[in-house]
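The values are calculated or read from the model by the stated rules, or taken from the named source; none is laboratory data. Only a predicted model underlies this, so the values are computations on that prediction, with no experimental measurement involved. Quick reminder, even Gly has a Cβ in these numbers, built from the backbone with ideal geometry, and neighbours come from all protein chains shown. Heavy atoms of the whole protein, side chains included, go into the accessibility calculation; ligands, DNA and RNA do not. Shrake-Rupley method; radii C 1.70, N 1.55, O 1.52, S 1.80 Å.
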Amino acid sequence: MLIDSYDRIINYLRVSVTDRCNLRCIYCMPQEGIEWKPHENILTFEEILRIIKIMAELGVKNIKVTGGEPLLRKGTLPFLKELKNIPKIENITLTTNGILLGEYLEKIEKLDYEFLPNGINISIDSLNSERYKKITRYENIDPLMIISNIERLLKLNIKVKINCVPIKSINEKDIIPLVSLAKDKNITIRFIELMPIKYAKNYKAIPGTDTAALIEQTFGILTPFSASLGNGPAIYYSLPGFSGKVGFINPMTQCFCKTCNRLRLTSEGFLKLCLSGNLGLDLRKMMRESVSDSEISKAVTEIVKQKPLSHSFKNQSLHGMSEIGG
Ligand code: SAM
Ligand code: SF4
């Protein structure tokens with residue numbers, strides 16, 4: 001079992017399979033995209049699977065496949081199927097911006113439902129075309145097209161969560177329309193406080209309490225919902241007459257680090273102990289120097305003891321959000 005020096009059990013790994021993305025969200029990436037890197041810097045799927053198998057033996061049960069945009073990388077589909085075959089991995093979820101979701105579902109419908117994860121999180125910060133373009137710097141899609149995939153996912157029994165990062169003077173107007181999506185659909189709309197990492201420092205977060213107050217003014221009281229809806233720090237609520245739920249992830253105003261259960265694997269194979277800062281282990285180097293599974297396992301168990309008690313955005317992360325995966 002992986003336990004850190006504050007007795008936190010680590011059972012969740014977020015895996016960024018690529019740092020590339022088809023969007024350029026203003027708080028996540030520069031307009032020109034991220035710096036070019038040699039292809040070989042990125043872990044192969046075989047290397048990622050090897051790490052996950054080692055981590056599964058150490059007690060990791062939950063995997064989040066993220067990016068960059070995970071559906072952009074060729075091979076993500078077979079990778080998802082391989083993941084399902086790893087003993088001891090109980091829950092696999094995917095976080096996507098949804099641009100390629102329609103194509104992905106078409107492929108799955110033709111090929112094999114085994115390519116489906118247990119849950120899909122769609123990140124969408126606005127349902128308004130103009131604001132969506134402004135945030136993502138992407139012209140070619142109506143955000144409602146992305147949302148139209150929800151019914152298809154629900155029919156396939158996939159749990160759907162919508163993620164939105166509310167930002168002052170950018171997308172306040174989108175909070176209510178996004179929550180409305182959960183009125184008749186059994187989905188969860190989650191609001192994530194903006195964290196001051198790299199490009200996000202240019203923008204001002206809307207605190208979760210302000211978002212909640214706005215929702216209550218329109219839809220009534222948010223009632224805490226006790227059943228677990230995920231593996232992470234979100235706190236969930238129901239609203240009167242709603243089929244779906246609303247969740248809040250408030251890393252800035254309600255630090256949840258004392259219950260942190262996660263590690264992050266960057267697209268370049270760095271095992272990050274915390275979203276902020278740069279503590280961790282270069283697993284790519286170890287694997288490419290032919291270090292054995294048992295030695296990697298030992299090194300991971302040791303490094304986890306250095307997991308910090310809480311985040312500190314004072315020490316700037318060397319990795320941008322697209323390399324870390326959120
Ligand atoms: N491209 C995929 C997507 O957008 O869902 C996966 C990667 S993206 C980095 C994962 C999540 O991180 C998205 O929901 C995004 O909004 C969120 N995110 C990115 N930068 C953030 C920041 N500075 N603070 C809070 N959330 C952030
Ligand atoms: Fe791409 Fe996701 Fe970052 Fe937006 S938040 S630029 S979709 S990685």
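Of note:
- Test: residue in segment 96-114 that is outside any helix (DSSP H, G or I), more than 14 Å from ligand 2 (Cβ to nearest atom) and open to solvent by 30 Å² or more (accessible area, probe 1.4 Å): yes
- Matching residues, segment 144-202, being within 22 Å of GLY119 (Cβ to Cβ) and small (Gly, Ala, Ser): SER148, SER180, ALA182
- Contact map, segment 241-253: residues that are within 15 Å of VAL165 (Cβ to Cβ) paired with residues that are among the aliphatic types (A, V, I, L, M) and within 16 Å of ligand 2 (Cβ to nearest atom), Cβ distance under 7 Å, separation 6+ or inter-chain. Pairs shown: ILE249/ILE192; PRO251/MET195; MET252/MET195; MET252/ALA205.
- Top-ranked residue of segment 179-205 - restricted to ones that are assigned to a helix (DSSP H, G or I) and over 18 Å from the mean Cα position of the chain (by Cα), ranked as surrounded by the fewest Cβ atoms within 10 Å (Cβ to Cβ): ASN202
- GLU130 free of Cβ contacts under 8 Å to residues at least 40 places away in the same chain and in a loop (DSSP other than H, G, I, E, B): no
- Subset of segment 94-132 [out of contact with any helix residue (DSSP H, G or I) (no Cβ under 7 Å at 6 or more places or on another chain), farther than 23 Å from ASN171 by Cα and within 13 Å of ligand 1 (Cβ to nearest atom)]: GLY119
- Per-region count, segment 16-33, residues more than 6 Å from ligand 2 (Cβ to nearest atom), open to solvent by 30 Å² or more (accessible area, probe 1.4 Å) and more than 21 Å from PHE79 (Cβ to Cβ): 3
Quick grid of which residues meet (1) open to solvent by 40 Å² or more (accessible area, probe 1.4 Å); (2) farther than 18 Å from MET1 by Cβ; (3) in contact (Cβ under 8 Å) with a residue 60 or more places away in the chain:
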{"position": "PHE256", "(1), (2), (3)": "yes, yes, no"}
{"position": "ARG264", "(1), (2), (3)": "no, yes, yes"}
{"position": "ASP293", "(1), (2), (3)": "yes, no, yes"}
{"position": "ILE303", "(1), (2), (3)": "no, no, no"}
{"position": "HIS319", "(1), (2), (3)": "no, yes, no"}
{"position": "GLY326", "(1), (2), (3)": "no, yes, yes"}
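- Residue match in segment 63-70 (condition: open to solvent by 60 Å² or more (accessible area, probe 1.4 Å), within 16 Å of ligand 2 (Cβ to nearest atom), within 20 Å of the chain's Cα centre (by Cα) and not aromatic (Phe, Trp, Tyr)): no
- Residue count for segment 146-171, restricted to those that are exposed (fewer than 15 other Cβ atoms within 10 Å of the Cβ) and either within 16 Å of ligand 2 (Cβ to nearest atom) or on the phi < 0 side of the Ramachandran plot (or both): 6.
- Scanning segment 45-61 for residues that are open to solvent by 10 Å² or more (accessible area, probe 1.4 Å) and either touching a Gly at 6+ places or on another chain (Cβ under 9 Å) or among the small types (Gly, Ala, Ser) (or both) gives PHE45, GLU47, GLY59.
- Counted residues, segment 270-326 - those being out of contact with any Lys or Arg (no Cβ under 6 Å at 6 or more places or on another chain) and not in a helix (DSSP H, G or I): 28
- Subset of segment 140-154 (residues that are out of contact with any helix residue (DSSP H, G or I) (no Cβ under 6 Å at 6 or more places or on another chain) and farther than 17 Å from THR93 by Cα): ASN140, ILE141, LEU144, MET145, ILE146, ILE147, SER148, GLU151
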